[in-house]
Amino acid sequence: MTRMALAGLIVLIGLMVAASQSILRQGMRQFPEPHPAISWRTLQFALTNPWILSSLALGLGTFVLYAYLLTKVDVTVAAPTITAVFYLVVFLVAALWLRESVTVGRAAGAALLLVAMWLLARDIG
C-alpha cells in the first residue's frame, strides 16, 4: 500500500470515528430522560433508535479498517493521527451541526492538533 493510500485510510478511519460519535450524540439527544441510567429501558431505546444503530454500524466498520491498518502502520503513528483527525472533525461537527460552543482554548487545541498530525504523518509508510 502506498504512503498516500495509508494516509487516506487513516483520514477515512478518523472521519468514520467522528461520524459515529456525532451520530451517537444526536441519537442520545432523543432519549426521553435527561440523564439515562444503564437499564433495560436504555438498552431498548438504543436498539430501536436509528441514529444509535447507525453509530454502532459505523463503529464496527471502523474496527475492521483499523485492524487492517495496524498490519501496515505502527500503532504509535496510527492511533494518535486518527485521534487528531477524529478530534478536528468532531470539533467542526459539534460547532456547525450540533451547535455546541467553541471556546478560544478549544480552537487553539485544534490548531495544535494540526501541527501534531503533520509531524506524525511524516512517519507514515
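The values are calculated or read from the model by the stated rules, or taken from the named source; none is laboratory data. Just so it is clear, the structure is predicted and the values come from calculations on it, not from any experiment. Because the Cβ atoms are built from the backbone with ideal geometry, glycine has one as well, and the counts that use them run over all protein chains shown.
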Just name the residue that is nearest to Ala19 (Cα to Cα) out of those in region 66-124 that are at pLDDT below 80 and surrounded by 14 or more Cβ atoms within 10 Å (Cβ to Cβ). Met117
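For the subset of region 93-116 comprising residues that are part of a helix (DSSP H, G or I) and among the β-branched types (Val, Ile, Thr), which member is nearest to the chain's Cα centre (by Cα)? Give the derivation first.
Filtering region 93-116 down to residues part of a helix (DSSP H, G or I) leaves 93-96, 104-116.
Subsequent filtering for residues that are among the β-branched types (Val, Ile, Thr) retains 93, 104, 115.
On the way: Val93: 11, Val104: 22, Val115: 19 Å.
Here the residue is Val93.
Over 12 Å from the mean Cα position of the chain (by Cα), exposed (fewer than 12 other Cβ atoms within 10 Å of the Cβ), on the phi < 0 side of the Ramachandran plot and free of Cβ contacts under 8 Å to residues at least 60 places away in the same chain, is that true of Glu33? Spell out how you get there, then give the answer.
Numbers: over 12 Å from the mean Cα position of the chain (by Cα): yes; exposed (fewer than 12 other Cβ atoms within 10 Å of the Cβ): yes; on the phi < 0 side of the Ramachandran plot: yes; free of Cβ contacts under 8 Å to residues at least 60 places away in the same chain: yes.
Yes.
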